[in-house]
């Protein structure tokens, strides 16, 4: 699903570029992908490569991503002016998969006044006193705005399942609850784009080490990250089931190879446009 379908556009990249770069927003002049991203049927995560890049040229792809991100900034103005829909860009993924980095890059040229960002952490006492979708519904952006969800209602069939925070009968029933909830959102004008940032276990370890070695990034590291890493296989199974059970025609899941940040950002930006 794309936010808008447009004809080929020409965007001025500004300083550093002598010529204009013509791109078609939906395809960005690039050859077809050989690994499926949009989940249309049952998948196995182990069959999807986390380091997949289509063998694209890194510098050229980053330039294409820049064009797409600028286009997102332009489309935001149309979304705001129309004021009949809102857009939710939802990110799920293992720790260090790039949820913060992806949202920062893709929304680089967006007016922050039109963005509502929510990071879903451990439910507060007030949130726990309501049904599990209450805090999510409350965080939805108003018409005309973009909402960024760093994690989401899917935590209720992920960490809740893996850490056994609820009985199996409870979290299993939530797949249907989530699908019904998302149908309500779509009927009310919410465009929902769901991205699973698929990172490899080895790459995650490298990013953890990089955080520890860089003083300005140490705040990102937590011993809890290591505890969750011990449950890697359980999380992969939980994600796989969530993707298969909750990828629908109106609100599909996109599995984004996340080992290479430049390619991750390109896939997300291309999908949003």
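The values are calculated or read from the model by the stated rules, or taken from the named source; none is laboratory data. Model, not experiment: these values are computed from the prediction. Ideal geometry is used to build each Cβ from the backbone, glycine not excepted, and the neighbour counts take in all protein chains shown.
Selection within the stretch 248-265: residues that are in contact (Cβ under 8 Å) with a residue 12 or more places away in the chain and in a loop (DSSP other than H, G, I, E, B). The member of this set that is surrounded by the most Cβ atoms within 10 Å (Cβ to Cβ) is 258.
Residues of the stretch 185-203 being touching a residue at least 40 places away in the same chain (Cβ under 8 Å) and farther than 21 Å from residue 106 by Cβ, which ones?
Taking the stretch 185-203 as the starting set, the residues that turn out to be touching a residue at least 40 places away in the same chain (Cβ under 8 Å) are 185-186, 189-200, 203.
Correct list: 186, 189, 200.
Flag: residue 245 matches the condition of being part of a helix (DSSP H, G or I) and either under 25 Å from residue 174 (Cβ atoms) or modelled with pLDDT of 95 or more (or both). Scanning the stretch 206-219 for residues that are without any contact (Cβ under 8 Å) to a residue 40 or more places away in the chain and either surrounded by 11 or more Cβ atoms within 10 Å (Cβ to Cβ) or within 18 Å of residue 94 (Cα to Cα) (or both) returns 206, 209, 210, 212, 214, 217, 218, 219. Scanning the stretch 207-248 for residues that are under 21 Å from the mean Cα position of the chain (by Cα) and over 20 Å from residue 157 (Cβ atoms) yields 207, 208, 220, 221, 225. Across the stretch 50-70, the number of residues qualifying as more than 14 Å from residue 267 (Cα to Cα) and either surrounded by 20 or more Cβ atoms within 10 Å (Cβ to Cβ) or under 19 Å from the mean Cα position of the chain (by Cα) (or both) comes to 1.
Condition first: surrounded by 15 or more Cβ atoms within 10 Å (Cβ to Cβ) and assigned to a helix (DSSP H, G or I). Now tell me which residues in the stretch 80-99 satisfy that. Across the stretch 80-99, the qualifying residues are 80, 99. What residue, among those in the stretch 160-180 that are touching a residue at least 24 places away in the same chain (Cβ under 8 Å) and surrounded by 17 or more Cβ atoms within 10 Å (Cβ to Cβ), is farthest from residue 131 (Cα to Cα)? The residue in question is 162.
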